[in-house]
1. Considering (1) over 22 Å from ARG103 (Cα atoms); (2) surrounded by fewer than 17 Cβ atoms within 10 Å (Cβ to Cβ), say which one ASP136 fails and leave the rest.
2. Out of curiosity, is GLY75 crowded, with 23+ Cβ neighbours inside 10 Å, more than 14 Å from the chain's Cα centre (by Cα) and either free of Cβ contacts under 8 Å to residues at least 24 places away in the same chain or closer than 15 Å to GLY149 by Cα (or both)?
3. Would region 103-114 turn up any residue that is within 18 Å of PRO177 (Cβ to Cβ), small (Gly, Ala, Ser) and without any contact (Cβ under 8 Å) to a residue 60 or more places away in the chain?
4. Can you work out which of the residues in region 221-247 that are touching a residue at least 24 places away in the same chain (Cβ under 8 Å) and assigned to a helix (DSSP H, G or I) is surrounded by the fewest Cβ atoms within 10 Å (Cβ to Cβ)?
5. Which residues, taken from region 71-109, are basic (Lys, Arg), in contact with a strand residue (DSSP E or B) (Cβ under 8 Å, 6 or more places away or on another chain) and within 21 Å of TRP36 (Cα to Cα)?
6. Out of all the residues in region 274-297, which are of a type outside the set (Lys, Arg), farther than 23 Å from GLU217 by Cα and part of a helix (DSSP H, G or I)?
7. Take PHE145 and tell me if it is closer than 30 Å to GLU278 by Cβ and touching a residue at least 40 places away in the same chain (Cβ under 8 Å).
8. Based on what the data block shows, is VAL57 modelled with pLDDT of 95 or more and not hydroxyl-bearing (Ser, Thr, Tyr)?
Amino acid sequence: MKFASITISLIVLLPIWVLSAAPESSVSEPITVPLWVGGKAPNGDGTFDPKNAVMTVHRPAKPNGAVIVICPGGGYGGVVIGPEGHGIAKWLNEHGITGAVLRYRLPRGRSSVPLLDVQQALRIVRARGPKEWGCDPSRLGVMGFSAGGHLASTAVTHFDQGDPKSPSPVGRVSCRPDFGILIYPVITMGAGTHGGSRRNLLGVDPPKDQVELYSNEKQVTQTTPPCYLAHAKDDGPVPPLNSRLFHEALRSAGVESEYLELPSGGHGLNGYKGPMWEAWQNGVLTWMRRIKVLGGV
């Protein structure tokens, strides 16, 4: 199996239209879906949260079947729902991909809460997506940015096949994504992590087993789905070591992985615009075609 780790410079960037299909518009207004029924959002310890999480589904005019659950960043202290959420969904729609923007609950030290939300979102899309949104349940991905990248990397390393005894059709399906896309992600909870994300997720002085559990470079196995990563060399808040660790763990496990290391852009890649921002978008589309998520070459 072939793996790639790529560093680019400004002079080799191609215009976005070279690698992208002709843009398409969204088919209708987005649909907001609550994740948990009856005000019973689980906290992971047998208790429930009155605050629900929601997912907003953006459908393209001509869906090609691919669908991605999007996890915006925010250091686990907020959710950057605009540029790293709805803006990304609209870009995906231009290429026939359905985008489901996840407004997950903030952990406040309840480490399993965001993971439970993204797992539920993946189950809902897989169970309801084929009939309601034109989605192919075998082409379901997860994408995340910054701390949302940590959540997405948690989703690709912590999953189950569903509970066959669940009374709900949603509960009976797998929450394993078919692929992951991680853009300047937090990955580790050890050295090189983003301190605010770790503190908000695990608390001020987390036990070692929790640090290990959510250091996702240590949770990769042969069952982890293929992943694409992009990170700027000069990212200060979230060092590119995070992406390198995960990429190498995937390669060591024999899992398809591509890593695009950008020469500049910092955290957020120059404010979500410009050549560095376009570079990862072009790279993702090419990679999705290569792993047969999208049609074309």
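1. (2)
2. The answer is yes for GLY75.
3. No, region 103-114 contains no residue that is within 18 Å of PRO177 (Cβ to Cβ), small (Gly, Ala, Ser) and without any contact (Cβ under 8 Å) to a residue 60 or more places away in the chain.
4. Per the criteria, the residue is LEU241.
5. Correct list: ARG103, ARG105.
6. PRO275, MET276, TRP277, GLU278, ALA279, GLN281, ASN282, LEU285, THR286
7. Spelling it out, PHE145 is indeed closer than 30 Å to GLU278 by Cβ and touching a residue at least 40 places away in the same chain (Cβ under 8 Å).
8. So VAL57 fits the description; yes.
The values are calculated or read from the model by the stated rules, or taken from the named source; none is laboratory data. None of these values were measured; they are calculated from a predicted model. In this analysis, Cβ positions are derived from the backbone assuming ideal geometry, glycine residues included, and neighbour counts consider all displayed protein chains.
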